[in-house]
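These notes concern the structure reproduced below.
The values are calculated or read from the model by the stated rules, or taken from the named source; none is laboratory data. The shown structure was predicted, so the numbers you read here are calculated from the model rather than taken from an experiment. Positions of Cβ are generated from backbone atoms using ideal geometry, with glycine treated the same way; all protein chains shown enter the neighbour counts.
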Amino acid sequence: MTERLSDTPAGVARAVALLVAGELVAFGTETVYGLGADATNIKAVGRVFEAKGRPHFNPLICHYPDAAAAFADVEASDLARALATAFWPGPLTLVLRRRVTCKVALLAGAGLDTLAVRVTAHPTAQALLRAAGRAIAAPSANRSGQVSPTTAAHVLDGLDGRIAAVLDSGACRVGVESTVLDLSEARPFLLRPGGATREAIEAVVGPVGRGLTPAAAEVTRSLRSPGLLVSHYAPNLPVRLNACDVGRDEALLAFGAPLSGAGAIYQLSASRDLAEAASRLFEGLRSLDRENFRGIAAMAIPQAGLGAAINDRLERASAPR
Ligand code: AMP
Ligand code: MG
């Protein structure tokens, strides 16, 4: 029922025609697969919440082919322009105030007076956005609360029959979602660690505010970014963090030399490379999420750089449901 479109000019043209007609089309970006909808069409935006089972208080990120298109919809401060120059196209989402002329449906931003905007570096997604000629709302293309998809097959696992098409552009290079940075208040605030590291952002704008742990930051986050819930990105099996040992009845998410004794092993990165680990994280959680295990044991990952995004997702995956 869901069309599988190839990464060709004809595939992109079909995807754009469906989007413009108000249908949902999932497409690959450098971070994860997004579930695209015409952000200016309130019916199409409504379908996104329906297909994902996403609560209406959780706003969507809007995608644009370039910074000029993005900043036509939101008010860009000097800081926003500096970050756009440094990071776009790339895995950084900026939360800024909507302009009065912004045509994006209020529902896409969950009724907030801010809007999250992003310019992806993926060439196929760029071609699609340029041809669509309007903002495309695209949250991660998974059922709400589940693990984000990094391949077209992952998208179909959760959404087959619920969306018009998926544009298959292969596996996602970065593998964790974009960093979400709130620039709508006086001081930049890191709402979600992601593909652009805090260290790299701070090199451009100086210190950014951020929460300590997902639990400690929950109150602030739920006020400033409704939808960044503690339990999220969750496989069916319970996840145990910072494992120093592992049982036969557990599956091991390994980072570096694996602990011995596991019933199954998924290696994130034998050489302890954080970029490689990020790109393999969601595939690993999905492939270990099998009924014959009691749980998933995850080895410790350093908190620096992309490790912050990986640990954020793992903490949410392990949070009580
Ligand atoms: P996803 O689309 O699944 O990658 O999730 C996007 C995240 O960005 C959501 O969890 C939101 O909480 C956050 N977000 C989107 N728009 C806004 C906004 N206007 N203000 C604050 N956070 C936002
Ligand atoms: Mg998501």
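Inside region 272-282, residues that are touching a strand residue (DSSP E or B) at 6+ places or on another chain (Cβ under 8 Å) and not hydrophobic (A, V, I, L, M, F, W, C) make up a count of 3.
Kindly provide the set of residues from region 1-39 that are in a loop (DSSP other than H, G, I, E, B) and surrounded by fewer than 23 Cβ atoms within 10 Å (Cβ to Cβ), ordered by number.
Initial filter on region 1-39 (in a loop (DSSP other than H, G, I, E, B)): 1-2, 7-8, 21-24, 29-32, 39.
Listed by number, the residues that qualify are Met1, Thr2, Asp7, Thr8, Ala21, Gly22, Glu23, Glu30.
The set of residues in region 127-150 being over 17 Å from the mean Cα position of the chain (by Cα) and not in a loop (DSSP other than H, G, I, E, B) consists of Ala127, Leu128, Leu129, Arg130, Ala131, Ala132.
Taking the conditions exactly as written (of a type in the set (Ser, Thr, Tyr) and either closer than 26 Å to Phe57 by Cβ or modelled with pLDDT under 95 (or both)), does Thr213 satisfy them or not?
On the way: of a type in the set (Ser, Thr, Tyr): yes; either closer than 26 Å to Phe57 by Cβ or modelled with pLDDT under 95 (or both): yes.
Taking the combined requirement at face value, the residue satisfies it.
Within the set Ala171, Ala125, Ala135, the sole residue that is of a type in the set (Gly, Ala, Ser), buried (at least 23 other Cβ atoms within 10 Å of the Cβ), away from ligand 1 (no atom under 12 Å from the Cβ) and closer than 19 Å to Thr8 by Cβ turns out to be Ala125. Can you name the residue in region 176-187 that is assigned to a loop (DSSP other than H, G, I, E, B) and within 13 Å of ligand 1 (Cβ to nearest atom) and, of all such residues, is nearest to Asp273 (Cα to Cα)? Taking the candidates together, the pick is Val176.
Within 17 Å of Thr29 (Cβ to Cβ) and basic (Lys, Arg): does that describe Arg162? Judged against the criteria, Arg162 is not a match. Here Ala275 fulfils each of the conditions (1) among the hydrophobic types (A, V, I, L, M, F, W, C); (2) assigned to a helix (DSSP H, G or I); (3) in contact with a helix residue (DSSP H, G or I) (Cβ under 6 Å, 6 or more places away or on another chain); (4) farther than 22 Å from Ser144 by Cβ apart from (3). Being at pLDDT 90 or above, more than 30 Å from Pro258 (Cα to Cα), surrounded by fewer than 22 Cβ atoms within 10 Å (Cβ to Cβ) and more than 13 Å from ligand 2 (Cβ to nearest atom) is a condition met by at least one residue of region 140-156.
Filtered by the rule that a residue be within 16 Å of ligand 1 (Cβ to nearest atom) and without any contact (Cβ under 8 Å) to a residue 60 or more places away in the chain, region 150-167 gives a lone residue, Gly158. Of the residues Gly170, Gly194, the single one that is in contact (Cβ under 8 Å) with a residue 40 or more places away in the chain, assigned to a loop (DSSP other than H, G, I, E, B) and more than 16 Å from ligand 2 (Cβ to nearest atom) is Gly170.
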